[in-house]
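Peer 1: Below is one structure. I have some questions about it.
The values are calculated or read from the model by the stated rules, or taken from the named source; none is laboratory data. Given the structure is predicted, the values throughout are model-derived calculations rather than measurements. No Cβ is skipped: glycine too gets one built from the backbone with ideal geometry, and neighbour counts run over all protein chains shown. To get the accessible areas, we keep the full protein, side chains included, count just its heavy atoms, and leave off ligands, DNA and RNA. Shrake-Rupley method; radii C 1.70, N 1.55, O 1.52, S 1.80 Å.
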Amino acid sequence: MAGADVTNIGDGDFKQQVLDSQEPVLVDFWATWCAPCRAIAPALDALATQYKGQVKFTKLNIDDNQDTPQQYGVRSIPTLLIFKGGQVVEQIVGAVPKARIEAALQKAL
């Protein structure tokens, strides 16, 4: 359920893919049964293509990977966390308009 410019990640490669990344990383915490997650997926895919080379876009399925969401206090989905330098710099909870996500990305850059 990820576009060509979005990487599926898990607990096992979270540190390498997100915390050790040289570029900002958006992590989409989602699940297959989550309708709002599916609703924002096209916007995330479009932004991933638009920001290719500037921001890494990742998806983490909370049903298959429970340690990372627990570590970052993810209580509801979709939750988008933007990491920069291994730290959370922005958190967005819920299905929000594409413009809201883009504003957060601009701030992270």
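Peer 1: Of all residues in region 14-65, count the ones that are among the charged types (D, E, K, R), in contact with a Ser or Thr (Cβ under 9 Å, 6 or more places away or on another chain) and over 14 Å from residue 95 (Cβ atoms).
Peer 2: Qualifying residue count, region 14-65: 3.
Peer 1: When region 13-26 is examined, which residues are found to be part of a helix (DSSP H, G or I) and either touching a residue at least 12 places away in the same chain (Cβ under 8 Å) or buried (at least 19 other Cβ atoms within 10 Å of the Cβ) (or both)?
Peer 2: 14, 17, 18, 19
Peer 1: Among the residues of region 64-108, what is the count of those that are within 14 Å of the chain's Cα centre (by Cα), among the aliphatic types (A, V, I, L, M) and more than 17 Å from residue 31 (Cα to Cα)?
Peer 2: Residues flagged as within 14 Å of the chain's Cα centre (by Cα), among the aliphatic types (A, V, I, L, M) and more than 17 Å from residue 31 (Cα to Cα) within region 64-108 amount to 7.
Peer 1: Inside region 99-109, can you point out the residues that are open to solvent by 80 Å² or more (accessible area, probe 1.4 Å) and assigned to a helix (DSSP H, G or I)?
Peer 2: The answer is 100, 106, 107.
Peer 1: Against the definition (polar (S, T, N, Q) and either in a loop (DSSP other than H, G, I, E, B) or more than 20 Å from residue 104 (Cα to Cα) (or both)), how does residue 7 come out, yes or no?
Peer 2: So residue 7 fails the test.
Peer 1: Against the conditions (1) in contact with a strand residue (DSSP E or B) (Cβ under 7 Å, 6 or more places away or on another chain); (2) under 17 Å from residue 101 (Cα atoms); (3) part of a helix (DSSP H, G or I), where does residue 29 fall short? Just the number, please.
Peer 2: (3)
Peer 1: Sticking with this one: Does any residue of region 35-49 turn out to be assigned to a strand (DSSP E or B), under 10 Å from the mean Cα position of the chain (by Cα) and surrounded by 20 or more Cβ atoms within 10 Å (Cβ to Cβ)?
Peer 2: Looking for residues that are assigned to a strand (DSSP E or B), under 10 Å from the mean Cα position of the chain (by Cα) and surrounded by 20 or more Cβ atoms within 10 Å (Cβ to Cβ), one finds none in region 35-49, hence no.
Peer 1: Among the residues of region 54-72, are any on the phi > 0 side of the Ramachandran plot, outside any helix (DSSP H, G or I), open to solvent by 10 Å² or more (accessible area, probe 1.4 Å) and of a type outside the set (Asp, Glu)?
Peer 2: no
Peer 1: Identify the residue in region 73-98 that is in a strand (DSSP E or B) and of a type outside the set (Val, Ile, Thr) and, among all such residues, is most open to solvent (accessible area, probe 1.4 Å).
Peer 2: 87
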